[in-house]
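Please treat every number below as a calculation from the coordinates, not as lab data. All of these numbers come straight from a predicted model, not from anything done at the bench. Cβ placement follows ideal geometry from the backbone for every residue including glycine, while neighbour counts extend to all protein chains displayed.
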Amino acid sequence: MNFLKKNLPGLLVCFAIALPSWYLGRLFPVVGGAVIAILAGMLITLFWKNKASADAGIRYTSKWILQAAVVLLGFGMDLNVILETGKQSLPIIVCTISTSLILAYVLHRIMHIPGNISTLVGVGSSICGGSAIAATAPVIGADDDEVAQAISVIFFFNVLAAIFFPMFGHAIGFSTTSGEAFGIFAGTAVNDTSSVTAAASTWDSMWGLGSATLDKAVTVKLTRTLAIIPITLVLALVRSHRAKKEQGQDGTGAQGFSLRKAFPFFILWFMLASVITTVALNLGVSAAVFSPLKELSKFFIVMAMAAIGLNSNIVKLVRTGGKPILMGAVCWAGITAVSLLMQRFLGIW
């Protein structure tokens, strides 16, 4: 009962936005329900000044409903395909992550952007947006304002990617009969899981591909998300070393780091769902059995997009200053270019 009392208002608001967005997304597949939900949430939050009663449910939707959507995507996905996709995309993932981190460091030195914000924007751009920022912040001792600024920057480019990448993919000649090239592109070049799923869902809607692009993009994105672990561990060691060197305090630089908090456990549930599907298919169960779960997953994605739109503050983002936004833009452009070049080099596109 306490859960419902706390979260139900926000859940209902997100559901109320998602329902017409889902319907409009079917009428206008070139845009897609996920993008419509993001834009609707952003518009509503400009006029809805007191969201206190719904805030908990909105946060719950943007985090847990989205993760549930990803887990449900595992049903209907063959584990052999997941392993093959991860192996196929690994060189692109390594190159895009390296590109973003290097660019963030160079701009930090040239433009004198604060170190914590530079780290958060670089990690958020290269791995998985808000999740990577949330995992990294305690490791480097970032304060709430730095975290909020970094998330705002990342979210801004997430929205741009969700809206424009499907049109961009069509313009540069990605195959419209297969979701492979655009799925890998979305999974490696878009920052946050939310926008990866939004862009991939839009591509599927545009070309009637079912969930082929979404399956590919999410699998690539989840492979990329695993980079949180080594990067946060390295940052913890670096901060610990600096603390001992500058302050003479043993281990203070690693305070707040938790491997349990850093690891995205919903990946394990996604993999379990995939194992169940793989075993079931090998036993002769029809793939149609899993279709309702995949449709529910798509609706949950639209709900999560509505919540993320409600949590955005474009006015505040503009007021925070241009340097972090410029850094985010450069990282985003660099990741996009490297993802495309690597796909060309590997013969995927």
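Here are some notes:
- Label-point separation in nm, L326 to F265, each point 7 Å along Cα→Cβ: 4.3 nm
- Relative contact order, percent, the chain [alpha-carbon distance under 8 Å, six or more residues apart]: 33 percent
- At 1.002 mPa s and 20 °C, Stokes D of the chain from Kirkwood alpha-carbon radius, µm² per second: 105 µm²/s
- Qualifying chymotrypsin sites (Phe, Trp or Tyr not before Pro) in segment 1-87, where qualification requires a DSSP coil assignment and no more than 14 other C-beta atoms within 10 Å, comprise W48.
- Measuring between alpha carbons in the structure, the pairs from K49/K294; K63/K216; K5/K294; K6/K63; K6/K298; K63/K221 lying more than 27 angstrom apart are K49/K294; K5/K294.
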